[in-house]
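All of the numbers you see were taken from the coordinates with simple rules; none came from a lab. Note that the structure is a prediction, hence the values are computed from the model and not measured. FYI the Cβ positions are ideal-geometry reconstructions off the backbone, even for glycines, and counts take in every protein chain you see.
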Amino acid sequence: MLSMEHLIHDGALLADRVAVVTGGGGGIGAATAHLFARHGAQVVIADVDAGLAQRTADEITTSGGSAVPYIADVRDADQVDEFARWVLDRFGRVDVLVNNVGHWLHHPGSFVDTDPQQWDELYRINLHHVFLVTRAFLPAMIGRHRGAIVNVSSVEGLRGYPEDPVYAAFKAAVIQFTRSLAVQVGGDGVRVNAIGPDVTETLQVPYSQWLSPDEQAQWPQWVPVGRMGVPEDQASVILFLASDLSAFVTGHTIPTDGGTGAAGGWFRSSRRAGREWTNRPIAP
């Protein structure tokens, strides 16, 4: 593996850039913070969990990178505004913003059994904070005529999600916000893109803990690429969207799903003689 110093001075994609990652203390956020630092960015890790934020920042600085933690609840407008002022006062700019925070919170059952309070909780953690944080940092990007925003949506914003239509609606809204804002600010030098993860181990979706050994053996049947996703898979695409490698890409959501979306409900079959695929998952 290349050393931190080697990457920073040889082909680093984010050299000398200031990158803010919300929810950067663990999971996809932490993997993104680590990768950004390895590519030369000064990373600001925003998280509501002080321990996670500090641990990830310490890991990065110990490895020779640059990272600072900032403890904030990005669902709170006052905290977000204070956070943005702190970043801009300390660094003078922000080049990359990753709106990574999100959570399905709980499985509510039938929609008719939910209530407006639950909807509001899902809204605040999956969509409202994207508005708040983006509004707080976007003027500085426009002022410098340079910036990249990457929003983390979900596969559930790209397909029907019967377990929670409200969560799916907010994730779909992130995608439409990404598309529309990208068109609005494209002439201001700011690009806006998103990813839509699926079948990836995260703090909220710990497949390695949830699945039995027999179920884990089914990954080659469930996912076209043949394995479960890990946070680093998502971070790599976020890096692409944050860097100049995607300088002509804006308004798009990349499904980071190992091919599940392209498969469209088809699974490899190990039980049907002469038939490699099935769309009847009762016996994939």
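Some points to look at:
- For the stretch 105-118, 3J(HN,Hα) per residue [Karplus equation, 6.51 cos²θ - 1.76 cosθ + 1.60, θ = phi - 60°, Hz, x = Gly/Pro]: 6, 6, 8, x, x, 5, 4, 5, 8, 8, 9, x, 5, 5
- Along principal axes, Cα extents of the stretch 6-55, largest first, whole Å: 34, 16, 15
- Under 5 Å, built H, 5+ apart or other chain: amide partners of THR114: none
- Quotient of Cα Rg and 2.2 N^0.38 Å for the stretch 42-157, N being how many residues it contains: 1.19
- Percent RCO, i.e. relative contact order, over the chain, from Cα pairs under 8 Å lying at least 6 residues apart: 16 percent
- Kirkwood-type radius of the stretch 210-266, with distances r between different C-alpha atoms, in Å: 13.2 Å
- In this simple spin-label approximation, VAL225 and LEU211 carry label points 7 Å from Cα along the Cα→Cβ vector, and these lie 1.4 nm apart.
- Between ALA50 and ASP244, the C-beta separation translates, for a Förster distance of 30 Å, into a calculated FRET efficiency of about 0.35.
- What the Cα convex hull of the chain gives, in volume per residue, is 148 Å³.
- Calculated diffusion of the stretch 74-218, Stokes-Einstein form, Kirkwood radius summed over Cα pairs, 37 °C and 0.692 mPa s, µm²/s: 197 µm²/s
- Exposed loop positions in the chain were taken to be GluC sites (Glu not before Pro) whose DSSP state is not H, G, I, E or B and which have at most 14 other beta-carbon atoms within 10 angstrom. Between these positions, the longest stretch is 1-162.
- THR253 long-range amide H proximity, modeled H, under 5 Å: ALA194
- Backbone geometry of the stretch 204-211 corresponds, through the Karplus equation with coefficients 6.51, -1.76 and 1.60 at θ = phi - 60°, to 3J(HN,Hα) couplings of 7, 10, x, 3, 4, 8, 7, 9 Hz, x marking Gly and Pro.
- Average 1/r across all pairs of distinct alpha carbons in the stretch 126-284, invert it, and you get the Kirkwood radius: 17.3 Å.
- From largest to smallest, the equivalent ellipsoid semi-axes obtained for the stretch 180-274 from the alpha-carbon gyration tensor read 33, 15, 10 Å.
- Distance between the modelled labels on HIS103 and THR61, one decimal in nanometres: 2.6 nm (7 Å Cα→Cβ projection).
- Annotation: amide H of ALA148 within the under-5 Å range of VAL96, LEU97, ARG191, sequence separation 5 or more or interchain, hydrogens built in the peptide plane.
- J(HN,Hα) series, the stretch 57-63, from Karplus relation 6.51 cos²θ - 1.76 cosθ + 1.60, nearest Hz, glycine and proline x: 4, 5, 4, 5, 5, 4, 7
- Ordering HIS252, HIS145 from the fewest to the most neighbouring beta carbons within 10 Å gives HIS145, HIS252.
- Annotation: for a label point projected 7 angstrom from Cα along Cα→Cβ of TRP86, residues of the stretch 45-61 with backbone N closer than 13 Å are 45-51, 53-54.
- Placing +1 on the Cβ of every Lys and Arg and -1 on the Cβ of every Asp and Glu, with nothing else charged, gives the chain a dipole about its Cα centre of roughly 900 debye.
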